[in-house]
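Please treat every number below as a calculation from the coordinates, not as lab data. Here the structure is a predicted model, which is why all the values come from computation and not from measurement. Every residue, glycine as well, gets a Cβ built from its backbone with ideal geometry; the counts of neighbours run over all protein chains shown.
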Amino acid sequence: MDADFAANPDRVHDDRKHRLNFPRALHNRLPGYAPTPLLDMSDLAADLGLRRLWLKDESSRLGLQSYEILGATWALYREVMARLGRRPARWDTIEELRERIAPACALRIVVVSDNNFAIAAARAARWLGFECVAYVPGTAAAARLVAIEREGSTVDAEAVSYDEALARAARQTAPEVVVLSDSSWHGFTEIPGWVTDGYTTVFEEVDEELESRGARVPDAVFVPLGTGALAAAAGNYYRVEPGLTATGKIRRFPPDLRLIGVEPAEARCFIESIRAHRRVALPAAAPSVMDSLARGLPSPLAWEVVRRTFDGFIAVTDAHALAASHVLRDHGIWVNASGAAAFAGLVDGLTRRSDWGLDLGSRSEVLVVCTEGPLVGD
């Protein structure tokens, strides 16, 4: 399939409130936490005809190759608090937190994923002292299976597809079982919502770094889609719940800041859904080198946020995503095709700006979120 673009006629322009990002307070105490780099790519900006290009590099986060650990830890922490009925007594290290919750919580974590979220969930479970089993389709990359097991999780890779893995996991029902997923389904929205809340830290870090450098808010933000959890975090931060940061500062964002979601051309579930004004399930998400993003249906929870807050959606081809990853590697940013997808979307958008109506040029400042570094064996 060719590259594609869809403007979003459902975008809402008056959905704004303020909220403290409590997940950041948790993330600050995780082992080895530090904000990931925000790179000022002046040479690439000049090549693309932009005033400035910022790249948020999520190729390495807390020793993992993606941002998902932010959502997995926050969701699991919130579930523990719900089961305790209170916040744990004061703690400063992850070891202290594990000691505080051990007498009251003996949980078994079940994760369904064919991407880096399974690795992140296994890490979060290990940090808090919980058993974890990951249900993944047999087509999942071998490097990911190894990485999940390295975190101490058991891997069940008997399923043929993601949907079958989900069905196998759904049979694991017991009071002590907690299902972790970044995608929602009927009757299962609270934990995916917490996962999305956890991802908000990515954008708070960007905002704080731009402020510290005296830089202005970008004119456009390009975010990869998948089932939409990270995009929903961007929509929440810039449109719905922006402003009050963990430091107590109120930050306001211009309503004309554009949010653009990027997905594989072979799995353009958001484009097809926005054109239909409802969630549309593709017959089957075709294989893609952007395997972490190749989904056939948006998450219901993410869809409701993204359809209200994003301005448009771009579908990029495998060839363009691979080319984008090579360009970024030439500039010292080691991401795979999924990680480079948002940058590929920007390049396509600038190339076809007149056809697609993207008003970006020599006065524009753009933020691109690069989400995933390569695993050994990728």
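How far is helix 190-212 tilted off the main Cα axis of the chain, in degrees rounded to 10, range 0 to 90? Compared with the principal axis, the helix lies near 50 degrees. Sorting 299-307, 195-203, 273-281, 329-337 by average packing, meaning the other beta carbons within 10 Å per residue, from highest down gives 195-203, 299-307, 329-337, 273-281.
The distance between label points at THR351 and GLU149 comes to 4.0 nm (points 7 Å beyond Cα on the Cα→Cβ vector). What is the sum of charges, Lys and Arg at +1 and Asp and Glu at -1, for the other residues whose Cβ falls under 11 Å from the Cβ of ASP10? Counting the neighbours of ASP10, the net charge comes to +3.
Helix 318-330 axis versus longest C-alpha principal axis of the chain: approximately 90°, rounded to the nearest ten. Its relative contact order, with pairs defined as Cα atoms under 8 Å and 6+ residues apart, puts the range 69-181 at 29 percent. Once the chain from ALA34 to ALA7 is taken as fully extended at 0.36 nm per residue, the excess over their C-alpha distance is 6.2 nm. In terms of the Cα gyration tensor, with a ≥ b ≥ c the square roots of its eigenvalues, is the chain rounded because a/c is under 1.5, prolate because a/b exceeds b/c, or oblate? Taking the square roots of the gyration eigenvalues as a ≥ b ≥ c, the chain is prolate.
Roughly what angle does helix 116-128 make with the longest principal axis of the chain, taking Cα atoms, 0 to 90 degrees, to the nearest 10? Helix 116-128 sits roughly 40 degrees off the main axis of the chain.
With both labels modelled 7 Å from their Cα along Cα-to-Cβ, the ARG86 to ALA276 distance reads 4.9 nm. Residue ranges 147-158, 124-135, 63-74, 82-93 sort as 63-74, 124-135, 147-158, 82-93 when ordered by packing (mean number of other C-beta atoms within 10 Å per residue, highest first). Adding -39500 (n - 2.57) for every DSSP H run of four residues or longer, then dividing by how many residues the chain holds, sets the calculated 222 nm ellipticity at -11500 deg cm²/dmol. All Cα-Cα separations within the range 69-181 were binned at 5 Å from zero, giving a P(r) of 2, 13, 24, 23, 18, 10, 6, 3, 0, each value a whole percent of the pairs. All other residues whose Cβ lies under 11 angstrom from that of TYR33 are scored, Lys and Arg at +1 and Asp and Glu at -1, for a net of +2.
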